[in-house]
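**Student:** Pasting a structure below so you can have a look.
Throughout, read-outs are computed from the coordinates displayed, never taken from laboratory work. Bear in mind that the values here come from a model prediction, so they are computed numbers and not experimental data. Note that each Cβ is placed from the backbone with ideal geometry, even for glycine, and that neighbours are counted across all protein chains shown.
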Amino acid sequence: MDAAEYLSEALARNPAQEAASIVALRARFLKLDHISHGETRDDMARERIADLLECLRNDFWNEDAKRYRVQLLAEDLDRHPDLKARFNRLEAVYPFREQFHSALNHGLLEPELLKFYGQVLVAGYRQAARLKDLFTDNLHVVHELKRVKRWVRILRAQEPGLYGLEKPWLDTILQSQPGRWRPPQERKFRRGFWLPIVLGVAVGAVILAALLLLGLWM
């Protein structure tokens, strides 16, 4: 198949209804004979599921989440275990959407902290871990820790379901003491600040000892 034939056939097909055949046609044109129709369909399904998951995550707390969830439930997620695990994480949080909006509206919980908590709940495992680390690294200030502890206690009392979704992490915050954490930037600064001083003192001591020995020898 030459380029003219490929373009003619590709343009004659409807992308909305014949996407799989267009991909197969392109593979044939590029001489990708090892790609089967089944593999092509799987690749397309995987890409579609990944896109839907991203849409669901981005709009999780909005009305559009319902539509994306319905579409994902119609997909064969068992063929893609890693994507299914991402969906299951979101699915575990989905029943608490109304509680989240209720907590956001009744005003007992600070909206800023609740919205951050909402980001943690729908983030992937690695991203959620990074968000939690960044958050807890800033709890070294006494008044900030008191504020967050108060927020966590209200969440536990008013919305125990939401609290239970990240109970181990929130329990750790309640048990923490001021000064337990320092921001990563501060840790790096302290290490970088003292190292030149220590090296300078060590070098100075060596030079001084050498001068004293030289004076005794002379």
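**Student:** Can you pull the one-decimal nm distance between simple spin-label points at Q175 and Y125, each 7 Å off the Cα toward Cβ?
**Tutor:** 2.2 nm
**Student:** Apply the Karplus curve 6.51 cos²θ - 1.76 cosθ + 1.60, θ = phi - 60°, to the phi angles in the stretch 142-158 and return the couplings in whole Hz, x for Gly and Pro.
**Tutor:** Per-residue couplings from phi come out as 4, 5, 5, 5, 4, 4, 5, 4, 4, 4, 5, 5, 5, 4, 5, 7, 8 Hz.
**Student:** If R0 is 25 Å, what FRET efficiency do you get for A74 and D51 from their C-beta distance, rounded to 0.05?
**Tutor:** 0.95
**Student:** With r as the distance between the Cβ atoms of K66 and E110 and R0 = 22 Å, compute the FRET efficiency 1/(1 + (r/R0)^6) and round to 0.05.
**Tutor:** E between E110 and K66, to the nearest 0.05, is 0.20.
**Student:** Label D82 and A12 with points 7 Å out from Cα along Cα→Cβ: what is the distance between them in nm?
**Tutor:** The two pseudo-label positions are separated by 3.9 nm.
**Student:** When the chain is fully extended, how far beyond the present Cα-Cα distance does S102 get from A157, taking 0.36 nm per residue of separation?
**Tutor:** 18.4 nm
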